[in-house]
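Before any comments, here is the structure.
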Amino acid sequence: MTLRRSVMPPAFILTVGDNIYPDGVADVDDPLWESHFESVYAGPFWEAMPFQAVLGNHDHYGNPDAQVEYSDFSERWNMPARYYAFEESVPG
């Protein structure tokens, strides 16, 4: 089966937790950011793609506040708080 990207690219990516598996990150300078996020989602399609992130249980094994704080360092990573509401309209 061949997967094809839709004509209209997604407005954002929604994570559902366990963002940095298996034990989260220690801080915003943790090298896991590069190996588990930045270099994985690299390239033209991903460069402008925002990620709306939420925490999972494995993210709490590390420093969950570091994932919130990473929002200040990354233009693509959006996690305004440990717990928050997010609403987005769906076209059509």
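DSSP loop (so not H, G, I, E, B), at most 12 other Cβ within 10 Å: list which GluC sites (Glu not before Pro) in the chain pass both filters.
75, 87, 88
Let me know the Rg and Dmax you get for region 33-79 when you use only its Cα atoms, in Å.
10.9, 32
Do any chymotrypsin sites (Phe, Trp or Tyr not before Pro) in region 1-67 lie in a loop, going by DSSP, with at most 16 other beta-carbon atoms within 10 Å of their beta carbon, and if so which?
Here the sparse-neighbourhood loop sites are 12, 41.
Place +1 on the Cβ of every Lys and Arg and -1 on the Cβ of every Asp and Glu in the chain, take the dipole about the Cα centre, and give the residue among 9, 68, 36 whose Cα lies farthest towards its positive end.
9
Could you work out what % of the accessible surface of region 1-69 is carbon and sulfur, using a 1.4 angstrom probe and leaving DNA, RNA and ligands out of the count?
Numbers: 2580 of 4440 Å².
That fraction is 58 percent.
In whole Å, how far is the Cα centre of region 14-37 from that of region 54-73?
Here the answer is 7 Å between Cα centres.
The values are calculated or read from the model by the stated rules, or taken from the named source; none is laboratory data. Keep in mind the model is a prediction, meaning the values are calculated, not measured. We place every Cβ from the backbone using ideal geometry, glycine too, and count neighbours over all the protein chains shown. The protein model used for the area step is the full one, side chains on, heavy atoms only, and it has no ligands, DNA or RNA in it. Shrake-Rupley method; radii C 1.70, N 1.55, O 1.52, S 1.80 Å.
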